[in-house]
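Data first, discussion second: the structure below is written as structure tokens.
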Amino acid sequence: MKAIVKEREGKGFVLKNVDEPEIKQPDELLIKIKAASICGTDVHIYDWTEWAKNRIKPPLIVGHEFSGEVVEVGSGVKRFRPGDFVSAETHIYCGHCRMCLNGNQELCENLKVIGVDRDGVFTEYVVLPERVVWKNPPDISEEVASIQEPLGNALDTVLAEDISGKSVAIVGVGPIGLMAVALSRVLGATKIFVSDLSDYHLNLSKKLGADVTVNVKKESFVERVMDETKGMGVDVGLEMSGSEAGLKDLLKVVSPLGRISLLGIFDGDVKIDITNDVVLKKLRLYGIHGRKIFGTWFKVRKLLSSGKLDITPVITHKFKLEDFEKGFEVMKNKESGKVILIP
């Protein structure tokens, strides 16, 4: 079968033929990939960043966000049968560590991530354990079904606390930041301010519900937000960029007693003024990692099936698996929303 492989250390991937995977355990399913989406994590692996150097062990089939069809089930599988339309939680948890037993499987002490710690989904078939497979509702497309995992990231970031009736500032409107804009609007935010370095992303955020957009290469986000709010600031900040400068902006624009949720991954240590910008403002900071398994997935399903959340504008490009380089190019040039690969 065709697969996009991180064949060796260094920049880039290769498309090559590999053996089709086989079911080896009673609880496993063989799934035919219908659509797979590119994540920022995949870009890090492509570019061979410091994070990737310390985490990835080539050779590895990459990719972790997908939708597909079950074609075979192991003898112990109970919930699925051939023909089921599925996606999967990418965090494969052990089920027996302290975090798992406390209901926090996303923080499993023995966590294995699809396309990071084991072969992924930028290919034609994948084998996964039943415990992480998710049955999709029939009323969503293969493309939308493939982005439920990052949509769950965005949802948990937005809903760390109630957002209804509150103003929101979002730093970084790449694909997941764009999802956060749409979710904030649907879930009752009163006014949404966003910042980014890309006019493409900012224009797309307007279509999804942003009220005020700021390109921080051209003007100060802090000054604009404080001017628009008459010096009061916003109630909620969402850090989606992994940028120290972006986080510092949020700390300045979030009002006392407000909260900041952090999803962005930073390259290294970050220096902030804890005393004045957090302690003396009584701010609440929330780190977001993964999604609640499967609590967040149920919320995503209800939002999508309700018709109130239209996430399709986030999907801007589709390419054949063989043309993956084009997909990574538009992602890296910040000229896309979500990019879908079709095997």
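Worth a mention:
- Among residues of the range 25-41 that are closer than 15 Å to Gly120 by Cβ, those with a beta-carbon under 7 Å from a residue that is hydroxyl-bearing (Ser, Thr, Tyr) and in a loop (DSSP other than H, G, I, E, B) at least six positions away or on a different chain give the pairs Ala35/Ser146; Ala36/Ser146; Ser37/Ser146.
- Pairs where the first residue, in the range 160-184, is closer than 23 Å to Ile340 by Cβ and the second is surrounded by 23 or more Cβ atoms within 10 Å (Cβ to Cβ) and among the aromatic types (Phe, Trp, Tyr), C-beta under 6 Å, 6+ apart: none
- Test for Arg118: is it farther than 22 Å from Pro343 by Cβ, touching a residue at least 12 places away in the same chain (Cβ under 8 Å) and surrounded by 15 or more Cβ atoms within 10 Å (Cβ to Cβ): no
- Condition met for Thr316 (of a type in the set (S, T, N, Q), touching a residue at least 40 places away in the same chain (Cβ under 8 Å) and either more than 28 Å from Pro137 (Cβ to Cβ) or surrounded by fewer than 16 Cβ atoms within 10 Å (Cβ to Cβ) (or both)): no
- Within the range 1-21, residues that are in contact (Cβ under 8 Å) with a residue 60 or more places away in the chain and within 12 Å of Leu321 (Cβ to Cβ) reach partners that are among the hydroxyl-bearing types (Ser, Thr, Tyr) and not in a strand (DSSP E or B) with beta carbons closer than 7 Å, at six or more positions or on different chains, in the pairs Phe13/Tyr46.
- Complete set of residues in the range 278-300 that are farther than 23 Å from Arg259 by Cβ and surrounded by fewer than 18 Cβ atoms within 10 Å (Cβ to Cβ): Phe294, Phe298
- Scanning the range 282-310 for residues that are in contact with a strand residue (DSSP E or B) (Cβ under 8 Å, 6 or more places away or on another chain) and more than 20 Å from Lys135 (Cβ to Cβ) yields Lys282, Leu283, Arg284, Leu285, Tyr286, Gly287, Ile288.
- Consider the range 1-59 and keep the residues that are under 30 Å from Leu178 (Cβ atoms) and of a type in the set (Gly, Ala, Ser). The one that is surrounded by the most Cβ atoms within 10 Å (Cβ to Cβ) is Ala36.
- The helices (runs of 4 or more DSSP H) falling completely within the range 241-343 that include 3 or more residues that are assigned by TED's automatic domain parsing to the domain that holds Asp139 map to 324-332.
The values are calculated or read from the model by the stated rules, or taken from the named source; none is laboratory data. Small disclaimer: the values here were computed from a predicted structure and weren't measured. Every residue, glycine as well, gets a Cβ built from its backbone with ideal geometry; the counts of neighbours run over all protein chains shown.
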